[in-house]
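S.K.: Structure in structure tokens, see below.
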Amino acid sequence: MNAQKNQGQQDNILSKDWSWPFWPVLPIYPFGRRRTLRKEVVKDTIWTFDQLQGIFYVVVPIRMTVVKLEAGGLLIYAPIAPTPECIRLVKELVAEHGDVKYIILPTISGLEHKIFVGPFARKFSNAQVFIAPKQWSFPINLPLSWLGFPKRRTQVLPPNSSDTPFANEFDYAILGPIELGPGRFAEVAFFHKRSRTLLVTDIVLSIPEVPPEIVQLDPYPLLFHAKDDAFHRVFDTEANRRKGWQRISLFAFYFQPSALEVIGIGEVFRHALGATDRSRKAYFGLFPFKWKNNWQQSFEALRGGGRLFVAPILQALILNRAPRETIDWANKVASWDFQRIIPCHLDSPIEATPSQFRQAFAFLEKQGNIIEPLPEEDFAYLRGLSEKLSDRGITPPPKEKV
């Protein structure tokens with residue numbers, strides 16, 4: 001009895017430690033209960049903080065990076081949810097290396113990054129907040145203070161990184177804003193000179209073959225997507241976790257890859273009646289898709305052995321609207337002498353050279369040397385979506401390659 005009581009108390013403490021009460025602002029998994037993992041990337045210099053996010057159990061890491069400044073103190077790139085656990089882990093660094101001095105919002109379109117900046121900044125009241133220019137909100141553009149940014153401490157990143165108080169330690173390059181009709185896309189890449197580390201948000205990434213550690217803390221989403229149909233009972237094994245992760249990756253990047261079959265609504269409900277799990281957690285047995293036998297080939301082509309690449313969504317829907325601007329930006333970033341890249345999602349850190357970074361943008365060039373092109377059949381859904389958005393005047397059409 002005492003053991004059960006102690007376990008209940010421990011669960012209650014952990015629940016509070018992982019609590020994110022503002023989840024209704026962006027109601028995506030894991031909603032109000034977010035765990036945080038801290039990892040030291042460069043000794044006494046750079047740390048990453050991983051949390052989880054997803055829709056319909058398509059879960060991927062979302063990452064914040066903390067860099068120690070030479071003069072003392074910390075710079076935060078792309079804050080995550082400031083749960084009690086997250087803030088405690090940051091304050092452990094503060095106690096050893098100095099207070100948080102700068103908080104960077106390096107995007108204008110990523111709501112999953114934007115919503116955390118205000119709440120995070122309120123936890124560190126002496127920090128200056130720098131945000132990517134041309135912030136916007138939908139359906140109405142609101143003042144920055146209405147979006148939660150602290151009014152007296154927030155400023156827009158100037159075009160030239162030399163005009164910032166951290167210029168001695170960081171260069172940065174601003175891509176965009178790329179006009180997309182109802183919204184805009186922009187990203188700010190930061191280069192930490194001393195550690196030769198490039199910080200990016202969404203622009204490039206790499207897919208690990210096995211699920212990241214933060215995803216494995218709760219394997220349910222992995223096992224959910226390891227199912228072949230509603231009737232399939234999946235056990236928690238390393239192979240099934242990997243299978244679920246690889247399918248999640250295909251969902252996350254293509255929305256509807258060629259190896260996926262979406263089944264009719266009538267069949268979905270008929271299958272749900274005989275599902276092995278009809279709990280609320282399992283969406284009452286609803287499982288509206290099935291995979292073709294070649295699905296793993298699609299994953300291997302996407303992953304490409306863990307290479308650096310631009311997400312298919314950005315290739316088909318965003319960056320092809322501004323190919324020249326994107327190439328010019330990539331050239332500037334590739335002029336920096338970095339040896340590792342830390343993105344805000346998926347694998348990290350990625351050991352990569354400037355030439356490998358530049359190679360990732362060859363899809364925008366007529367004479368681009370694309371070493372491992374992604375399968376065109378997997379782009380079919382995204383290409384169709386792009387065409388529909390352009391035909392209806394919602395977004396501008398793609399431009400010619402440069």
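The values are calculated or read from the model by the stated rules, or taken from the named source; none is laboratory data. All values derive from a computational prediction rather than experimental measurement. Please note: Cβ atoms are built from the backbone with ideal geometry, for glycine as well, and neighbour counts cover all protein chains shown. We work out accessible area using only protein heavy atoms, side chains counted, and drop any ligands, DNA or RNA first. Shrake-Rupley method; radii C 1.70, N 1.55, O 1.52, S 1.80 Å.
S.K.: Which of rounded, prolate, oblate describes the range 263-314, given a ≥ b ≥ c as roots of the alpha-carbon gyration tensor eigenvalues and a/c under 1.5 marking rounded, otherwise prolate only if a/b is larger than b/c?
M.R.: Note, shape of the range 263-314 comes out prolate.
S.K.: Calculate for the chain the 222 nm mean residue ellipticity that helices alone would give, adding -39,500 (n - 2.57) per DSSP H run of length 4 or more and normalising by residue count, nearest 500 deg cm²/dmol.
M.R.: Roughly -9000 deg cm²/dmol at 222 nm, from the helical runs in the chain.
S.K.: Would you please name the trypsin sites (Lys or Arg not before Pro) within the range 219-290 that are DSSP coil residues with at most 12 other C-beta atoms within 10 Å of their C-beta?
M.R.: 233, 280, 281
S.K.: Taking all protein chains in place and a 1.4 Å probe, what share, in percent, of the accessible surface of the chain do carbon and sulfur account for?
M.R.: 52 percent
S.K.: Is the chain best put as rounded, prolate or oblate by its Cα gyration tensor, with a ≥ b ≥ c the root eigenvalues, rounded for a/c under 1.5, and otherwise prolate when a/b is larger than b/c, oblate when not?
M.R.: Since a/c reaches 1.5 but b/c is at least a/b, the shape of the chain is classed as oblate.
S.K.: Using alpha-carbon pairs under 8 Å, 6+ residues apart, how would you state the relative contact order of the chain in percent?
M.R.: Reported as a whole number, the value is 14 percent.
S.K.: Loop only by DSSP, 10 or fewer other Cβ within 10 Å of the Cβ. Give me the chymotrypsin sites (Phe, Trp or Tyr not before Pro) in the range 145-236 that pass, ordered by residue number. Numbers along the way, then the final one.
M.R.: Numbers: sites: 146, 166, 170, 172, 185, 190, 191, 224, 231, 235; in loops: 166, 231, 235.
Passing sites in the range 145-236 are 235.
S.K.: Which Cα, out of 49, 103, 335, lies furthest along the positive dipole direction of the chain (beta carbon charges, K/R +1, D/E -1)?
M.R.: 103
S.K.: Scan around residue 33 for amide H atoms under 5 Å from its own, H built in the peptide plane at 1.01 Å from N, and keep only partners 5 or more places away or cross-chain.
M.R.: HN-HN under 5 Å from residue 33: 20.
S.K.: Any idea of the accessible area per residue across the range 21-145, 1.4 Å probe, to the nearest Å²?
M.R.: For the range 21-145, the per-residue accessible area is 40 Å².
S.K.: Counting only heavy atoms of protein chains, what accessible area per residue, in Å², does the range 151-310 have with a probe of 1.4 Å? Each step should come with its number before you reach the end.
M.R.: Values: 7140 Å² over 160 residues.
Accessible area per residue: 45 Å².
S.K.: Could you tell me the calculated FRET efficiency between residue 300 and residue 152, based on Cβ-Cβ distance and R0 = 51 angstrom, to the nearest 0.05?
M.R.: 0.50
S.K.: How large is the charge dipole for the chain, taken about the Cα centre, if only the Cβ atoms of Lys, Arg (+1) and Asp, Glu (-1) carry charge, to the nearest 20 debye?
M.R.: Values: 49 positive and 41 negative charges, 191 e Å.
For this selection, approximately 920 debye.
S.K.: May I ask you to evaluate 6.51 cos²θ - 1.76 cosθ + 1.60, the Karplus curve with θ = phi - 60°, for each residue of the range 152-169 and list the ³J(HN,Hα) values in order in whole Hz, giving x for glycine and proline?
M.R.: 7, 10, 9, 9, 7, 4, x, x, 9, 5, 5, 8, 10, x, 10, 5, 5, 10
S.K.: In percent, how large is the relative contact order of the range 270-402, given Cα pairs closer than 8 Å and 6 or more residues apart? Intermediate results must be reported in sequence, preceding the final value.
M.R.: Numbers: 121 pairs, mean separation 35.0, N = 133.
Computed over the range 270-402, the figure is 26 percent.
S.K.: A further question on this structure: Let me know the shape class of the range 65-171, please: from the alpha-carbon gyration tensor, a ≥ b ≥ c as square roots of the eigenvalues, rounded when a/c is under 1.5, otherwise prolate if a/b is greater than b/c, or oblate.
M.R.: It is oblate, given that a/c is not under 1.5 and a/b is not larger than b/c.
S.K.: Can you pull out the trypsin sites (Lys or Arg not before Pro) in the range 309-380 whose DSSP state is coil and whose Cβ has at most 11 other Cβ atoms within 10 Å?
M.R.: Values: sites: 321, 324, 332, 340, 358, 366; in loops: 366.
Here the sparse-neighbourhood loop sites are 366.
S.K.: Next question, about the same structure. Among 240, 221, 191, flag the residue with its Cα farthest along the positive direction of the charge dipole of the range 121-251, charges on Cβ as +1 for Lys/Arg and -1 for Asp/Glu.
M.R.: With unit charges placed on the Cβ atoms, the residue in question is 191.
S.K.: Going by accessible area, probe 1.4 Å, with all protein chains left in place, what is the ranking of 335, 161, largest first?
M.R.: Largest accessible area first, the list is 335, 161.
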